[in-house]
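All remarks here apply to the structure that follows.
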Amino acid sequence: MSEENKALLRRWFEEVWNKGRSDAIDEMFAAGGIAHGLSDDVGNSLKGPAGFKPFHETFRGAFPDIEVVVEDMIAEGDLVAARCSVRGHHTGNHLGIAASNAPVEFTGMTIVRIKDGKIVEGWNNFDFMKMNKQIGAI
């Protein structure tokens, strides 16, 4: 089961982020799924595909060439942890500031829980402070 779960998370990063397929969110993120650590409001996690898609659209709009590289992955039971590198160029005006055309490179980690072949919960910790400094938001 661990290898299948790892394959799902790799597919998530490839299809949803690297290829920008928002329809893949419905395929891999459970209707009642929760994504922690991605909302500006700490107490308000993203819920289900409908809650995740606006975040995805905003982020992909700001960084249309985003590439997420899974550097390491560990799985145990229904949990999968991944350490990632993220690269791209800030060419879209989707983060509330004008596109800087600056390259970005930052890292992050996620731990997801998988049930019945879908992500049901994710805990995300990406270095958005570094990203925001690189695009001139800070």
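Under 14 Å from a point 7 Å along the Cα-to-Cβ line of N132: which residues of the stretch 67-111 have their amide N that close?
Under cut-off, by backbone N: 95-97.
If you put +1 on each Lys and Arg Cβ and -1 on each Asp and Glu Cβ, how big is the dipole of the stretch 1-119 around its Cα centre, in Debye rounded to 20?
120
Karplus couplings for the stretch 75-89 from phi (6.51 cos²θ - 1.76 cosθ + 1.60, θ = phi - 60°), rounded to Hz, Gly and Pro as x?
The phi angles translate into 10, 8, x, 9, 10, 10, 10, 9, 9, 10, 10, 10, 9, x, 10 Hz.
Can you give the accessible area per residue of the chain, in Å², using a 1.4 Å probe? List each step's numbers first, then the result.
Details: 7270 Å² over 138 residues.
Result: 53 Å² per residue.
What do you get for the angle between helix 2-12 and the principal long axis of the chain? Use alpha-carbon atoms, 0 to 90 degrees, nearest ten.
Roughly 30 degrees between the two axes.
Whole-Hz Karplus ³J(HN,Hα) for the stretch 28-44, in order, using 6.51 cos²θ - 1.76 cosθ + 1.60 and θ = phi - 60°, x for Gly and Pro?
10, 10, 4, 4, x, x, 10, 10, 8, x, 10, 8, 5, 9, 3, x, 10
Over the chain, with every protein chain in place, what whole percent of the accessible area is carbon and sulfur at 1.4 Å, could you tell me?
Numbers: 3760 of 7270 Å².
Here it works out to 52 percent.
Could you let me know the centre-to-centre spacing of the stretch 10-26 and the stretch 110-136, using Cα atoms, in angstrom?
14
Using +1 at the C-beta of Lys and Arg and -1 at the C-beta of Asp and Glu, which of V80, A62, V42 has the Cα lying farthest in the positive direction of the dipole of the chain?
Farthest towards the positive pole: A62.
Out of these labelled values of Cα Rg over 2.2 N^0.38 Å, (1) 1.21; (2) 1.01; (3) 1.06, which was calculated from the coordinates shown here?
(2)
Hey, what angle do you get for helix 48-62 against the long axis of the chain, alpha-carbon based, 0 to 90 degrees rounded to 10?
30
The values are calculated or read from the model by the stated rules, or taken from the named source; none is laboratory data. Bear in mind the structure is a predicted one, so any value in this text is a computation, not a measurement. Because the Cβ atoms are built from the backbone with ideal geometry, glycine has one as well, and the counts that use them run over all protein chains shown. Surface areas here come from the heavy atoms of the whole protein model, side chains and all, with no ligands, DNA or RNA. Shrake-Rupley method; radii C 1.70, N 1.55, O 1.52, S 1.80 Å.
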